[in-house]
Amino acid sequence: MGLTPRAKQILCVMLQEEQILSVQVLADRVGVSKRTVQRELEYLNTGLREYQIQFMSKTGVGVWLEGNRENKDRLYGELIHEDSYDMGNREDRRKRLILEILKDQGLKKLYYYSSKFKVSEATISGDLEAVEEWLNRYQLHVVRKPGSGVSIEGSETGYRRAIRAFIDENMDTKLLQEAYEREETFSQATESIRRSNMGQLLNDDILKRVVGCILGLRDERVMNLTENSYMGLVIHITIAINRISKHELVEPGTGWEQQPGQGPDEDYALALRIVDALEQEFEIEIPSAEVAYICLHIKGAKHEKIEWGTQKTVALENRELQQLVNQMIDTFDPQNAFLLKQDDEFIQGLLAHLQPTFIRLLHDMQITNPVLETVRQDYPEIYESCVGVAKILEEWIGKPVPEAEVGFLTVHFGAAMVRLEGRQEELRPVHMGVICSSGIGISRLMSTKLEKAFRERVVITTYGKKDITPYQAAKLDFFVSSIPIEEPEAPVIFVNPLLSETDMEQVRQMVYKYERMPVKQQAGNSFSLQLEEINLVAAQINLVIKYMEFFKVDNGIRFDELLLVIGEKLSPYRDRGTMIQEDLRRREKIASQIFAEFGFALLHTRSRGVVRPSFTVCMTKDLKPFTDPYFKGIWAVLIMLVPEDGNLRVNTEILGHISSILVEDYTFLDTVRTGNREAIQNALSRNLKDFFTKYLNRIQSR
C-alpha cells in the first residue's frame, strides 16, 4: 500500500467518519501535532489510487475521502488487520506494550515482547520501566522474575480502572456511541467494534452481547445516562463478564453497600435487573459483589435528566446539601453570590452534578472530562475560581477533587455567569437550521439533542440538503450540518451526527453570539417591531406595579401554612392557588430561598397558577421577625411569580431587576421595613421607571 503507520491511523479515522473533519480534529484523534497530520496528508492520494478513493480538502472547511462505500469498506478492512502502530515510535510502542499487558496479565518473557515489537530486549526493558509509572497510578505493579519473565500484580479494582483509563486515553469510542444513539444501526456498530482496536482489549463477542442486554432492558434511567457514563457502564460490565467467565472473581466489599435495616434502593434494583439479564444471556452466575460494583457505577454516573421527586443525596440530608451549594457559590464569587442563588437552572444543574460526584469521590472512581483543556484555556479565571470551590468540596467529602471534576464545575459556574451577564443584555431566541441528507433521520436526532441543551434559547428547523432556498437561509442565523454543503447565506457549523462535546461547544459559542445580535429583518419593519416590544415591556411593568400585593401574618406561622396563605392571596381560584403553593414548595426543595444574611426570603418560581408577573411583600403583624426556626429570624418574605406564557424573557428581566435592587439598593429595603404598602409601591415604581429608561436607551442604541 506504501503508506506510513501514521498515515494508516489517519485513514482509519477518516474512513469511520461520514463527514468533513478539520485537520485539528484529526490530529487530536491520532494523538499527534497538526503539522504532522498536514505532512502525512500531502502523500495520501498515492496510496489510495488502487482503491479508487480520492483525498479531498477545502480551506476553512476540512478534509474528507471521496469514493463508493464498497471501496472504503475494503480499504478499512485491510487497514485494521494491519498493525497501525509505528513500532519505531517510542510513544506508540509503549502504548502497545500497555495494551498487551492489560490483555493478558500472565507471565511473559522479555523475548516475547521484543519479538512482537521487533526491538531488542534491552529496549523492552527500558519501555517496561516507563510503562510501570503509568500502571502504578492504578496500583498495578510490574513484577520481574529472573529466568521466568514479567507479570502484573494488583487489585481487581486497579486492573479495571487501568483498562478504562487506557480506552479513554487511546481509543475512539465513537463506535459505542453509535450503538447507543442509533439502535437501528446497532449490528453495524458492534461489527465495527469487533474489528477495531477496542476489540483487542475487550472481548468483542461479550461486548456485543452486553450492549444488546442493556438496550433490551429499555430502561429510561439507563438511556438518560450521558454518552460517557453509558460507555463506561458498558465497558465495566464487559470487563466483569470476561473476568467471571475465566473464573477470576472480583474482590468482595468494594462496591455500594446497603445500610443496615434498609431495603435495596432504586439504583440497586436497576443493577439487579441488569445482572438478571446478563445471567440469562451468558448462562453464568454473577456474584453479589459484582451487583454492588454495577450499582456503584450507576450511582456515580451523570444523567442528562434528573427526576426531582425522590431523594437521591448521598450521606447528606437535603438541608446540608443546600448549605454546601450556598458555601460553594459564596466562595466562587461573593459579590454575585446572591444573584447566582436565584438561577434555578444553575442550582438544579449543580445539585444534579454533585450527587453522583460524591459517589465517585468517596469510592475513588475516575471520570474523564473531554472538555477539560478547552475550559481551562478558554475560561482561565472561572477555572481558577472553581479550584477554590473544589477545596470546599474536598473539606466536605474528605477526598481530593481531581482536575476533571474541577472542569465540570467550571462548566456549571461558567454557564451561570453567562446567564447572569445576559440579564443585563437584550437577548433573543436564535434561529438555527439543522441539515442532513433528507431532513428526516439524522437531523431529527441532532435537533432533539440541541433542543435539550438550549431549550427556549433556540428555535430549530430541520432541512434536507435540497430544501434550502436563499429566502429560508436569509431568515436563519446559522446552520448545523452533518454533511458537506455549499455554504448558503448563513454561517455553517459542520459536525459529527452524534454531536460530540467539541461540536456542542462550537454551537454554544454561536448561540451566545447571535442571541446578543439584532434579529434578521427588513429595515421597514424595524421601527414597528420596536414599538411592539416597548409596549409589551411597559404593559408588564405596569402590571407588576398596579397589582403589587402586601399582607401580614402571625409571627409564629410555619412555612407550609404561609404557602397556603400565599396561594389564597394571589389567586381567587382554589386550583390555581394550589398550583402556586406546589410550585413554590418544589422550588424551596431544590434550594432554600431564605436568606438570613439579608433578613428576608425571596420565594420565586414560574407557575401556571398566575396569568401575569407579580411582586408581593409579606410581613408579620407587628413587623418583627418570624419566630418559626425554619425562617432563621428573617423579617420579610418577598414573593415573585412568573406565568408560563410567551413573555418569559421580558417578565424574567423585570423581576430580575427587582432581585438586583434588593441587595444593591438599601433604600428600597429600608422602605419595605416600614411596612407601609403605599410607600413600598411608590419605591417599586421609581425603581422600575429607572429600569424602563435604561431599557429604552438599549433599544435606541441598536
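The values are calculated or read from the model by the stated rules, or taken from the named source; none is laboratory data. As the structure is a computational prediction, the values presented were derived from the model and not from experiment. Cβ: placed from backbone, ideal geometry, glycine included. Neighbour counts: every protein chain shown.
Conditions: (1) touching a residue at least 24 places away in the same chain (Cβ under 8 Å); (2) closer than 19 Å to Phe166 by Cα. Lys109 meets all but one. Number of the miss?
So the condition that Lys109 fails would be (2).
Enumerate the strands (runs of 3 or more DSSP E) found wholly within the range 551-657, keeping only those where 1 or more residues are more than 25 Å from Gln322 (Cα to Cα), out of contact with any helix residue (DSSP H, G or I) (no Cβ under 6 Å at 6 or more places or on another chain) and not assigned by TED's automatic domain parsing to the domain that holds Asn336.
614-620, 636-643
Quick one: which of Val411, Val371, Val401, Val375 is over 30 Å from Thr652 (Cα atoms) and under 16 Å from the mean Cα position of the chain (by Cα)?
Val371
Of the residues that sit in the range 37-49 and are over 32 Å from the mean Cα position of the chain (by Cα) and buried (at least 16 other Cβ atoms within 10 Å of the Cβ), which one is nearest to Val63 (Cα to Cα)?
This residue is Leu41.
For Phe527, all conditions in the list (1) at pLDDT below 85; (2) surrounded by 14 or more Cβ atoms within 10 Å (Cβ to Cβ) hold save one; what is the number of the exception?
All conditions pass for Phe527, except number (2).
Scan Val565, Val511, Val519 and give me the residue that is within 20 Å of Pro429 (Cβ to Cβ), out of contact with any Gly (no Cβ under 7 Å at 6 or more places or on another chain) and modelled with pLDDT of 85 or more.
Unique residue meeting the criteria: Val511.
Scan the helices (runs of 4 or more DSSP H) fully inside the range 332-388 and keep the ones with 3 or more residues being surrounded by 15 or more Cβ atoms within 10 Å (Cβ to Cβ), in the same structural domain as Glu403 (by TED's automatic domain parsing) and without any contact (Cβ under 8 Å) to a residue 60 or more places away in the chain.
Correct list: 344-362, 372-378.
Checking Thr123 against (1) out of contact with any Lys or Arg (no Cβ under 7 Å at 6 or more places or on another chain); (2) modelled with pLDDT under 80; (3) not assigned by TED's automatic domain parsing to the domain that holds Gln54, which single condition isn't satisfied?
(2)
In the range 622-656, which residues are free of Cβ contacts under 8 Å to residues at least 40 places away in the same chain, under 23 Å from Lys552 (Cα atoms) and out of contact with any Cys (no Cβ under 9 Å at 6 or more places or on another chain)?
Answer for the range 622-656, where residues must be free of Cβ contacts under 8 Å to residues at least 40 places away in the same chain, under 23 Å from Lys552 (Cα atoms) and out of contact with any Cys (no Cβ under 9 Å at 6 or more places or on another chain): Pro629, Lys632, Gly633, Trp635, Met640, Val642.
Any residue at all in the range 657-664 that's without any contact (Cβ under 8 Å) to a residue 60 or more places away in the chain, surrounded by fewer than 18 Cβ atoms within 10 Å (Cβ to Cβ) and over 34 Å from the mean Cα position of the chain (by Cα)?
No: the range 657-664 contains no residue that is without any contact (Cβ under 8 Å) to a residue 60 or more places away in the chain, surrounded by fewer than 18 Cβ atoms within 10 Å (Cβ to Cβ) and over 34 Å from the mean Cα position of the chain (by Cα).
In this structure, is Ala636 surrounded by 15 or more Cβ atoms within 10 Å (Cβ to Cβ) and under 24 Å from Ala337 (Cβ atoms)?
Yes; evaluated as a whole, the condition is true for this residue.
Tally up the residues in the range 536-548 that are surrounded by 15 or more Cβ atoms within 10 Å (Cβ to Cβ) and not aliphatic (A, V, I, L, M), please.
Qualifying residue count, the range 536-548: 1.
Looking at (1) over 30 Å from the mean Cα position of the chain (by Cα); (2) among the basic types (Lys, Arg); (3) on the phi < 0 side of the Ramachandran plot, which is the only condition Lys118 fails?
(3)
All but one of (1) surrounded by 20 or more Cβ atoms within 10 Å (Cβ to Cβ); (2) modelled with pLDDT of 85 or more hold for Met446; state the number of the condition that does not hold.
With respect to (1) surrounded by 20 or more Cβ atoms within 10 Å (Cβ to Cβ); (2) modelled with pLDDT of 85 or more, Met446 is out only on (2).
So which helices (runs of 4 or more DSSP H) stay within the range 210-311 end to end and still have 1 or more residues that are at pLDDT below 75?
220-223, 227-245, 288-299
Within the range 588-639, count every residue that is hydroxyl-bearing (Ser, Thr, Tyr), under 21 Å from Val650 (Cα atoms) and under 34 Å from the mean Cα position of the chain (by Cα).
3
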